[in-house]
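First the structure, in the form of structure tokens, and then the observations on it.
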Amino acid sequence: MSNPSGTTTIVQAAGPETGPPPRVLVTPLAAEWIARLQATHGPLMFHQSGGCCDGSAPMCFARGEFRVGGSDVLLGRIADDTPVWIGLSQFEYWRHTQITIDVVPGRGAGMSLEAPEGVRFIVRSRVFDDAEAAALDAAGEPPRGDSAAAG
């Protein structure tokens, strides 16, 4: 795993075909890295702040090491129930896109758990089509950090 290929094959969460599409996916290689990091650090979480530079990359933390704010949005769960959160202002920019957590060679942010491993998590995105956007609108807003459903 120390030399990721950079492929972008996507693992999509299983779900009903008539429901809304997932807002977040993970590549197989990123899922492998998540499993490796979980073996060392326990349950994980991601947060995408939307800040500049490395703050715009998805940050991987041991679950509970990053305090989710009341307005953070839960995009979904990937790779063995790992929650992916995004700051509200960033979500407002990206609400029309599906993001995919991927991993590439290189050094990313020092706070993210993968940084010492010589890889970094990145986000790839695509715009939802009209039918997907309508299904997401019908499903309502995703949970926020101040919601009991965000758990």
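Quick one: count up the residues across the stretch 64-73 that are under 24 Å from ALA39 (Cβ atoms) and at pLDDT 95 or above.
0
Can you tell me which residues in the stretch 59-78 are touching a residue at least 60 places away in the same chain (Cβ under 8 Å) and not in a strand (DSSP E or B)?
VAL68, GLY69, GLY70, SER71, ASP72
I'd like the full set of residues that are part of a loop (DSSP other than H, G, I, E, B) and in contact with a strand residue (DSSP E or B) (Cβ under 7 Å, 6 or more places away or on another chain), limited to the stretch 89-141.
Correct list: HIS96, GLY106, ARG107, GLY108, ALA109, MET111, SER112, LEU113, GLU114, GLY118, PHE128.
Under the condition of being under 16 Å from ARG23 (Cβ atoms) and of a type in the set (A, V, I, L, M, F, W, C), which residue from the stretch 118-133 is nearest to the chain's Cα centre (by Cα)?
VAL123
Going by what's in this entry, would GLY106 be described as modelled with pLDDT under 95, touching a Lys or Arg at 6+ places or on another chain (Cβ under 6 Å) and either among the basic types (Lys, Arg) or surrounded by fewer than 21 Cβ atoms within 10 Å (Cβ to Cβ) (or both)?
yes
Could you please let me know if GLY118 is in contact with a helix residue (DSSP H, G or I) (Cβ under 9 Å, 6 or more places away or on another chain), modelled with pLDDT under 95 and closer than 22 Å to TRP33 by Cα?
For GLY118, the condition - in contact with a helix residue (DSSP H, G or I) (Cβ under 9 Å, 6 or more places away or on another chain), modelled with pLDDT under 95 and closer than 22 Å to TRP33 by Cα - is not met.
The values are calculated or read from the model by the stated rules, or taken from the named source; none is laboratory data. Fair warning: this is a prediction, and the values are worked out from it, not measured in the lab. Cβ sites come from the backbone with ideal geometry, for glycine too, and all protein chains shown count toward neighbours.
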